[in-house]
Each structure stands twice: as structure tokens, then as C-alpha cells.
1. About the Cα centre of the stretch A:152-282, how large is the charge dipole given +1 on each Lys and Arg Cβ and -1 on each Asp and Glu Cβ? Please answer in debye to the nearest 20.
2. Once a ≥ b ≥ c are taken as the square roots of the eigenvalues of the Cα gyration tensor of the stretch A:152-282, is the result rounded (a/c under 1.5), prolate (a/b larger than b/c) or oblate (a/b not larger than b/c)?
3. Within the stretch B:284-309, which residues have the backbone N less than 16 Å from the label spot 7 Å out from B:HIS199 along Cα→beta-carbon, could you tell me?
4. Have a look at A:ASP175, A:ASP160, A:ASP301 and tell me which one the Gaussian network model of chain A (Cα, springs below 10 Å) gives the largest fluctuation.
5. Report the extension gain between A:ARG16 and A:VAL275 in nm, rounded to one decimal, defined as 0.36 nm multiplied by the number of residues separating them, less their alpha carbon distance.
6. Go through the stretch B:324-332 residue by residue and turn each phi into a ³J(HN,Hα) via Karplus (6.51, -1.76, 1.60, θ = phi - 60°); whole Hz please, and just put x for glycine and proline.
7. Hey, what angle do you get for helix B:288-297 against the long axis of chain B, alpha-carbon based, 0 to 90 degrees rounded to 10?
8. What is the distance, in nm, between label points placed 7 Å from the Cα along the Cα-to-Cβ direction at B:ALA293 and at A:GLU314?
There are 2 protein chains.
Amino acid sequence: MLAFAVHNQKLVMKERPLPKLRAGWALVRVRMAGICNTDIEILCGYHDFRGTPGHEFVGEVAEVRGASAQERARWRGRRVVGEINVSCSAYGYRPVCTFCRRGLKTHCARRTVLGIVGHDGAFAEYLTLPLENLHVVPDSVSDEQAVFVEPLAAACEILDQINISTFREAAVLGDGKLAQLIARVLRTKLPHVVMYGKHDKKLALVRRVGVKARRVRGDASDVKRLRESYGLVVEATGSPSGLALAQRLTEPRGTLVLKSTFHGTAPVETWPIVVKEITVIGSRCGPFAKALALLRSGKVDPAALITRTFSLAEAGLAIQFAQKNGAMKVLLKP
Amino acid sequence: MLAFAVHNQKLVMKERPLPKLRAGWALVRVRMAGICNTDIEILCGYHDFRGTPGHEFVGEVAEVRGASAQERARWRGRRVVGEINVSCSAYGYRPVCTFCRRGLKTHCARRTVLGIVGHDGAFAEYLTLPLENLHVVPDSVSDEQAVFVEPLAAACEILDQINISTFREAAVLGDGKLAQLIARVLRTKLPHVVMYGKHDKKLALVRRVGVKARRVRGDASDVKRLRESYGLVVEATGSPSGLALAQRLTEPRGTLVLKSTFHGTAPVETWPIVVKEITVIGSRCGPFAKALALLRSGKVDPAALITRTFSLAEAGLAIQFAQKNGAMKVLLKP
């Protein structure tokens, strides 16, 4: 099969044998894969990952191993998306770790992560995942929508972490791909959502779905200039400078959700968190079922965020394109 | 009256008239005042405060204005401690701010803070506070204990912010005055509390009250070296380097309480908060009634933390002494 791998900060195309399957795992033919900022960070050395990147995908089950004949028949040919954290139990570790025992598989102490940590990902013709990670995509949801399930689930994670009914409005910092999904998810629950971003075109996208948008400079001057505050603020700029403004915009005793996972240190003043008694909630991977339900209901349609689709063979070009100013979601189609 | 004020990063002694009283306020004769790290930061320019510092005190009500004869009689001569945030209503602002309306007086948008923001404090023979801020000290609680009520209440604030019954153990980072009180308060609720600190003598103090103690270097090597983790971690080092270790010691989905209010920026990596989905809770002033109850019950006795008591006239000397390595609580006695 065709698969890309990270080599010297570039994507290199390789011809590889089909991956072998463990019992209870599926071979999935990738129908479409999305490029995420994390993939770009991986190229820059994040997690020191040398395998095949890519963790956003929609695919089709090609083969299943070690399940009952009935189960194999149930899965084969189904269009699926897949949770990216592969936990203890899927590798046959016994006993499973304390986090898996508590049902926190995304925090499994021995997890691999599709296309990020120790497990080859979706920038290939095929990938493997445990059956327990797969979710069937309803027929009414297109590939172009389903490929967003992973980041949309990450946006939905916020709703699992806070009691959204206690808030009347929210601010989302950042106007990139994840921020756009977060604003759309919050807008399904709140009448007033305001996005703070640097790019007029990206802000225009979110205005179309009933989210207010405010242009900021993205530097320290914002912190001095802006006077409004919110009970709920989501930091999704992907940039070290976002946290200071996020703290500024969070009202005393407010909630600040952190979504940015850029690496490296940023100079941060933490006393506003203490003085305002802010609750800061780190938020990562989320519930696929909720994301699929949002797509199925039509309450969120992320397809407008697609900038361009490349063939898988052009993955190197695609990831360069994805880093260009103004690019939103870039897809790969094997 | 004798009162100290901040001038050119030093405490300067002054003779001043007795402060005038607003209706509903009390004149309090200071019996004893404590020196806090915030006072030292104020000397260095924190909040640009030029008045009389000092916010930890026990005193005696000397005069009350604008209350009923019955209420005046009830207060006069009573030994009291006082909450340091003075809210809208005490200054007669109408309507009161949204935070006061929600009962969050410590977050009042127009508050002054005793000895810190816009209101003269306890490094003087007398101070003023609204009656609504005062709490009577039970006879069984000594001045040497009562002078700790303000920082002890700040430690108790943690118990109001988290559901302590969901934790079995906790780590406290820092071995200074506030960290010592926090460890004692947590120990009243949890069988296992571990303090991480740099000073053998300070760690020895906490071991005596059933808290485990672990010596660390207080630099980046701790983050690499330590392997244990906790569901609940309290950062009270007062130092920018504390946050990285605190993040390291907090387990996935754990709670990290921030108590340090040092000013200035620190280089911080925030991705561990996101990847581990840590909840970070900023924590400041707390419930005086709970602190008094702890002292009265004998469950916490902070008197062992007193290093030395100076006369008020020696306040300049005392605040220098308080900055010496190994000094814990330093008191002033008018």
C-alpha cells in the first residue's frame, strides 16, 4: 500500500506491505483524511514521531481479525470513523491500567495514538484500529462531513467537561479550524458566542452560522485594549500569546477552557488565574458519538471549512498548502 | 497614631491622626499583625500601593459609627479578625456590582483590599473595616493563633472550591507559610498529604503534624526526576518555577489548585494541562468562619510557625528579618 512517513521534517512517500492485524482489530481503507495542525507540529519534531501521521479520517472496514463470524460480517464494508487513542486492553495488556479501569481510555497510561504516538495513521491507503475504537458513519453523513468527526468530537469534549446550562454566552479565541468547530458546537447550546480572531476571511465564515466575530491583533495590545469579559472562554488560538488574552477575557470565577497544544514555553503571568479564581480546564479528545449526532442532525455542518482536497500521492504538497495563510481544512483522498 | 507607609521600597514610620469612620464601619485597635509575602511584594511595587501595608491582624473594636446603640455595645471591646476585601456596599455604592449581587464580595468590581489596594492596613496602631467584615475571636483562641486567620482562611478556600471527599491524597508544593497552613488544612480531611519543599527545617515542621515531606531542588531537574502523581496538587511555592512541577505531579484528569500570586511572567508550557485534561483552579481569599472553627477545635494550631515577634516601631527591621532564609511567620505588636 501507499503510505507517507515523516523523515527530516518532510513527508516521504513509501510503498509498504499491508499492516498485520491483532485479534479484535480492523483493517480500514482510508476514504479521506484531514490535515490538522498537530500533523504540521509532528513534521517539526513533536513527539519525535517517525511513522505515518494523520488522525482525522473516514474509511471503510476492509478486514477484521479475531471476532466472531457474525461480528466480522457486521463490520466488513461499513463506513467508519475511529477514536485515535488505542488503550491497554486493545494490546492485550493485563491488568489494564488504572485510567482504563476508571473508563478514561483517552488517558490510558500505555496508549498509542493514531498518527501521533507509536501507531501509524491515516496518510496512507490503509490503517488499523481496534474495533472498540470504530464508529459507523450514518448514510446521511457525507465523507466530507465525517472526516471532521475527530476534531468535532474534541470540540464536543467541552460540553462533557462543563455544565453549559450555567452559561449564557461564551468567547472563543482563535479563528482556525478547531476554533471554528468549537464556536459551532457552543452555538448549538448558547444564544451568544463571540469569536476573537486575526483573519477577516475566517471570521466571515463563522458569522454565517450565527456567531459574532471580533477582529483582534493577536498581541499584547489586545490585553490592554479589550474591556469585555465572559463567564466562559475557550482558548483555541494554537499560539502562546492566546493565554494572556484568554485570562483577560475571563471574568472572576469564570471558566477558561484550554484547547491549544502548541509545544514550547510561553511567558505567562499566572496571578490573574489566582486573583480572579478562574477555573482553567484542559480539554483534548472527545466523544465521537456526540459529534456524529451533531452532523446527522444538521446542527453543525463543517464542510464549508474545506479549502482544498489533494490526492494522497500529493500529501507533501498538501501539507505545505495547509500551512499557507488563509488555508482552512485540507483533505487527502487516496 | 503610629502607622507605617511604603516609601521608596521601604517602610517609613509616621505619626497620623486616627482615621475617620464611615457609617457601619469600626475603628479597630491592632493587637497583633502578621507579615505576609504579599507585604514584601508591595514593598517591591506590587499594586503600586503607597499606603499602610498589613492585612493579617487580630485587634479590638475601639469605636463603631452609624450602627444602633445595641449594635455598638455588642461590638465595642470585642476581639476581632477582619476579612480584607471591602466591597461596594460598604462604600455606599448603589446599585452594588454584579459580583456583590451574586454574593461574591471577594470579587467585587470596586473593592479595596486592606493593606493592598486603596485602603490602609494593619502595620499601624489602628485600622478601619466595615462591621460586615469583622469576625469575633472566641476566648479560647489566642492572639498568636488568631493572627493567622486570614491566611488560614485562604487555605480553607480550597475546601470550598473542590469536593475533597473525592480525593484520597494530595501534594502541596512549597514549604513556606501559606503552604504549611494548606498542608495542615488538607490533613484534617485526607489521610495522606505530601509536602514538596526545599528547606529541611521547614519540612521538619510539617512532619510533626502528620504530613509527609519530600525534599526537592526547586528547579527543572525535579520535573524530570519525580515519577509519582496525585489527583490533587496545590501549588503554593510563590515561585514561577513551581507550576511546571505542579503540572508534572498532577495525574490525568486531576485537579491543580494555584495559590501563588508572584508577579511577573514565567516561561510555562501549557500543553500538559491540555493533554492531561487537568483542571486548574485559582484560589485566593477564603472563609474566616471555617478558619476560626479550625483554630477553636484545635485541629490546626499555627502558632508553631511563628519565628519572631517585633514591636510595631521595629516594623522596618521586622520586614527585613521576614525575608531572611528560614524565617517563617514574623509578627508585629503595637
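1. About 620 debye.
2. Rounded is the answer for the stretch A:152-282, as its axis ratio a/c remains below 1.5.
3. Taking a point 7 Å out along Cα→Cβ of B:HIS199, the residues of the stretch B:284-309 whose backbone N falls under 16 Å are B:303-309.
4. The residue with the greatest mean-square fluctuation here is A:ASP160.
5. So the extension gain works out to 87.7 nm.
6. Result, rounded to whole Hz: 6, 4, x, 6, 9, 6, 10, 10, 10.
7. Once rounded, one gets 80 degrees.
8. Reported label-point gap for B:ALA293 and A:GLU314 is 6.8 nm.
The values are calculated or read from the model by the stated rules, or taken from the named source; none is laboratory data. In this text, all values refer to a predicted model and were calculated from it rather than measured experimentally. Cβ: placed from backbone, ideal geometry, glycine included. Neighbour counts: every protein chain shown. Surface accessibility is based on the protein's heavy atoms, side chains included, excluding ligands, DNA and RNA. Shrake-Rupley method; radii C 1.70, N 1.55, O 1.52, S 1.80 Å.
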